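The values are calculated or read from the model by the stated rules, or taken from the named source; none is laboratory data. Remember, it's a predicted structure, so these values are computed and weren't measured experimentally. No Cβ is skipped: glycine too gets one built from the backbone with ideal geometry, and neighbour counts run over all protein chains shown.
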Amino acid sequence: MNASLLAVFAHPDDEVFSGGTLAHYAGLGANVTLVCATKGDAGKVTDPELRVNGAAELAELRETELRRSAELLGVTDLVLLGYGDSGREERLRTGDAQALMNTDPLVVEAKLRDVIAQTRPQVIVTFDPHGGYGHADHLVVHRATSAAFFSTGHLDGAPQRLFFGVTPTETARAFGEERGIDPLLYGVSDDTVALKLDVKAHMEKKLAALAAHRSQMGPTSRMAQLTTEARAKMDGFFETEAFALGGTRGPLSLPLRGLFDGLGLPVI
């Protein structure tokens, strides 16, 4: 049986923060499926040289960026659910019926169950219960994906493990406070982490995938405005990707060496 990994995120560019993991398993020959729930059409364009007129054009651009990012990471199976981006802060679309935050999570779960039935992943990766930093769309994706893991337990070849991508408190403390993010709320303690995956070997791909999201990583983005010292520190943190265990259908021994450790598959 081939190893199969399903990664579920909300927006184009969310995948990059677990990009080393996706590249790692794609490189080992696992089937890696990336689900993106929204079009990213409420994103803030951070490159003044890009001429984008309206949400439809932005959605088209961000899909192109996502496809290039996935290609750079070695991911060939991309599933787009097509929901509207809910935005955040002053761009929050509370009255938009197409926005993911206003969609019934049970409907999103049903779509993910279909993807799971088709791709038969042993492992699923998604956002943690805080959605990384509280983004409304991330929270919907966390809830729907977690529910889909539990409601597909009856399937032949049901997924065996659910992991949440998490930010260790040290990392959250280094970068969260300047963005108004409480590191003790959104960061997790080391004993919450089930796996820290060393992805240094995939940093070139990961940074190239990040750069592919030109609309979000332009000169006015938060990332571009980091000092040289802060950016070097960020790149250092990017070399490790941390995961907490969200669910399992069988016994396992912690700490894990990889997402598939102990599942009897040709990858760890």
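Considering only segment 122-208, give the helices (runs of 4 or more DSSP H) lying wholly within it that have at least 3 residues that are at pLDDT 95 or above.
136-151
Give the residue that is farthest from Tyr133 (Cα to Cα), with candidates limited to residues of segment 75-95 that are surrounded by fewer than 17 Cβ atoms within 10 Å (Cβ to Cβ), of a type outside the set (Asp, Glu) and more than 15 Å from the chain's Cα centre (by Cα).
Once the filter is applied, the top-ranked residue is Thr76.
Considering only segment 128-151, how many residues are in contact with a strand residue (DSSP E or B) (Cβ under 6 Å, 6 or more places away or on another chain) and of a type in the set (Val, Ile, Thr)?
Selection size over segment 128-151: 2.
Only residues in segment 94-111 that are under 14 Å from Gly82 (Cβ atoms) count as the first member; pair them with residues that are of a type in the set (Val, Ile, Thr) and surrounded by 20 or more Cβ atoms within 10 Å (Cβ to Cβ), Cβ under 6 angstrom, at least 6 apart or cross-chain, and list the lot.
Leu100/Thr38; Leu100/Val140
Scanning for something farther than 19 Å from Val32 by Cα, in a helix (DSSP H, G or I) and out of contact with any His (no Cβ under 6 Å at 6 or more places or on another chain), does segment 214-227 turn up at least one residue?
We begin by selecting, within segment 214-227, every residue farther than 19 Å from Val32 by Cα; these are 214-227.
Imposing the further condition that a residue be in a helix (DSSP H, G or I) reduces the set to none.
Checked segment 214-227: no residue is farther than 19 Å from Val32 by Cα, in a helix (DSSP H, G or I) and out of contact with any His (no Cβ under 6 Å at 6 or more places or on another chain).
Which members of segment 228-246 meet the condition of being of a type in the set (Gly, Ala, Ser) and part of a strand (DSSP E or B)?
Ala242, Ala244, Gly246, listed by residue number.
Identify the single condition in (1) touching a helix residue (DSSP H, G or I) at 6+ places or on another chain (Cβ under 9 Å); (2) surrounded by fewer than 17 Cβ atoms within 10 Å (Cβ to Cβ) that Val115 does not satisfy, given that it satisfies every other one.
(2)
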